[in-house]
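Below is one structure, written out as structure tokens; the observations come after it.
The values are calculated or read from the model by the stated rules, or taken from the named source; none is laboratory data. Remember, it's a predicted structure, so these values are computed and weren't measured experimentally. Every residue, glycine among them, receives a Cβ derived from its backbone with ideal geometry; neighbour counts consider all protein chains shown. Please note that ligands, DNA and RNA were not included when accessible areas were found on the heavy atoms of the full protein model with its side chains. Shrake-Rupley method; radii C 1.70, N 1.55, O 1.52, S 1.80 Å.
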Amino acid sequence: MCGIFGIYNQPEASKLTYLGLYALQHRGQESAGIASSDGNRILSFIGMGQVAEVFTQGNLDELKGNMAIGHVRYSTTGVSFLKNAQPLVINYAKGQIALAHNGNLANAGQWRARLEKQGSIFQTSSDSEVILHLIAKANGRPLVPAIKYALSKLKGAYSIAMMTKDRLIAVRDPWGVRPLCIGKIDKGWVVASESCALDLIGARYFREVNPGELVVIDSKGLHSKQILPKKSDTAMCIFEYIYFSRPDSIIFGKSVHSIRRELGARLARESYPSIKKADFVMAVPDSANGAAIGYAKEAGIPYETGLIRNHYIGRTFIEPNQNIRDFGAKIKYNPVRDVLNGKRIVLIDDSIVRGTTSRKLIKMIRNAGAREVHLAISSPPITGSCYYGIDTPTKEELIASKHSVREIQNFLGVESLHYLSLGGLLESVRSDRKTYCTACFSGDYKICGGC
Ligand code: 5GP
Ligand code: MG
């Protein structure tokens, strides 16, 4: 997973990119980078850590120019080290290119092996570098046809912001797996993974980049080209709505918060009749807040705050040698005893991956005096890994791939466990399987079979 951002024709482009990345921080905390262009050459600064740790006033001042792109990385392919951080900046026969990629290329490994056999030298272990090698090998074609040539060979998910010394380019794969939107600011343009990044810098939402579309922004304005035919079935990642995107964003044309509320309402319709009676609904913050609000309204019971999340953990924390039980969960969440004591609770979370965090949280809630805990999940059981950029573990580690709902309920130690049905999920986004990728829930890997 990653977040990408690009801006054209704005003074202080690198500082606005810094702010854009700050708003996209939830999409990746491992590394952050910005490349800017002063019209003649591309400069870049990249570091490990969160946006505010990586950049200083000094290094932003050095990133001069009226255009910039940026990237925050959450490692999916390629191990975690500085070389794999983006934007990637290269020099090839036609000049410099900077590239920021969100997604996962399913056949990058095959292409890399082939290119290495032909003598290509790779600098990173990230799949994104394959795109640049293919562009450079496109037999002298101009840039846009070269990008088309490169991307027509690659399968999988990509939302890309790219920059030459005088052009900003945005592309989205023909399946539309990851979001990418365009915004307008004064006489300039912005592209961003999520619209929350536009809001912070005062840009207006313009539209999404369409699946298979390439957008060039240069001194003559914005030009669009459908470089790859949009698939009749798209595969927009439904997990972006469930968990990944920020609730204040508009992605795939819809408000994330509104969708989460709807997921909660459907979940209430499907599960509350069998729970029958509870004192209140509460969320595992923050990703399940919207669903819990929707659930409470639909079930007609109060919404409460029974867990508080510490937002200031950062990337590293030091654990004392005297082992504190469940340290990892405790450092992030603390129960509100006065709310929980003696109560029958419907606890909402957005998803269960391994089940390990949920188990610790439930123990914590019980120790705080809760009388009954009914766990309701605003998505179906995750039974398959994601090959398109979401960091789900191998199939074996996914608790729902090996265990029944009843077994998971026993493992977690709850009075009852309810998952949203796949039908309920699709109704919440007002779609059928044609628009969204539901592979992690349904096993329907549209893009490349089982990969
Ligand atoms: P589990 O109980 O499976 O260990 O953890 C479930 C929690 O993980 C949920 O609260 C959910 O919000 C969170 N979660 C779901 N998907 C992801 C992901 O891709 N990355 C991270 N860091 N957390 C996730
Ligand atoms: Mg969560």
Looking at region 263-290, which of its residues are part of a helix (DSSP H, G or I) and either assigned by TED's automatic domain parsing to the domain that holds residue 174 or among the small types (Gly, Ala, Ser) (or both)? 264, 265, 268, 271, 274, 290
Could you please tell me which pairs satisfy a Cβ distance under 6 Å, a separation of 6+ or placement on different chains, a first residue in region 26-37 that is closer than 26 Å to residue 96 by Cα, and a second residue that is part of a helix (DSSP H, G or I)? 32/21; 32/51; 32/54; 34/14; 34/17; 36/13; 36/14
Residues (more than 14 Å from ligand 2 (Cβ to nearest atom) and open to solvent by less than 20 Å² (accessible area, probe 1.4 Å)) located in region 341-362: 345, 346
So, restricting to helices (runs of 4 or more DSSP H) that lie completely within region 298-387, which ones have at least 3 residues that are within 15 Å of ligand 1 (Cβ to nearest atom) and among the hydroxyl-bearing types (Ser, Thr, Tyr)? 356-367
In the set 136, 106, the lone residue that is of a type in the set (A, V, I, L, M), more than 22 Å from the chain's Cα centre (by Cα) and open to solvent by 10 Å² or more (accessible area, probe 1.4 Å) is 136
Every listed condition ((1) open to solvent by 20 Å² or more (accessible area, probe 1.4 Å); (2) within 16 Å of ligand 1 (Cβ to nearest atom)) holds for residue 264 save (1)
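Yes/no matrix, rows are residues, columns are (1) within 21 Å of the chain's Cα centre (by Cα); (2) assigned by TED's automatic domain parsing to the domain that holds residue 159:
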position	(1), (2)
181	yes, yes
192	yes, yes
210	yes, yes
215	no, yes
218	no, yes
240	yes, no
244	yes, no
250	yes, no
Helices (runs of 4 or more DSSP H) contained in region 391-451 and holding at least 3 residues assigned by TED's automatic domain parsing to the domain that holds residue 347 and open to solvent by 30 Å² or more (accessible area, probe 1.4 Å): 405-412, 422-428
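What residue, of 140, 156, is modelled with pLDDT under 95 and under 22 Å from residue 84 (Cα atoms)? Reasoning before the result, please.
Details: 140 fails: under 22 Å from residue 84 (Cα atoms).
Selected residue: 156, the only one of 140, 156 that is modelled with pLDDT under 95 and under 22 Å from residue 84 (Cα atoms).
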Only one of 155, 165 that is surrounded by fewer than 24 Cβ atoms within 10 Å (Cβ to Cβ) and under 18 Å from residue 92 (Cβ atoms): 165
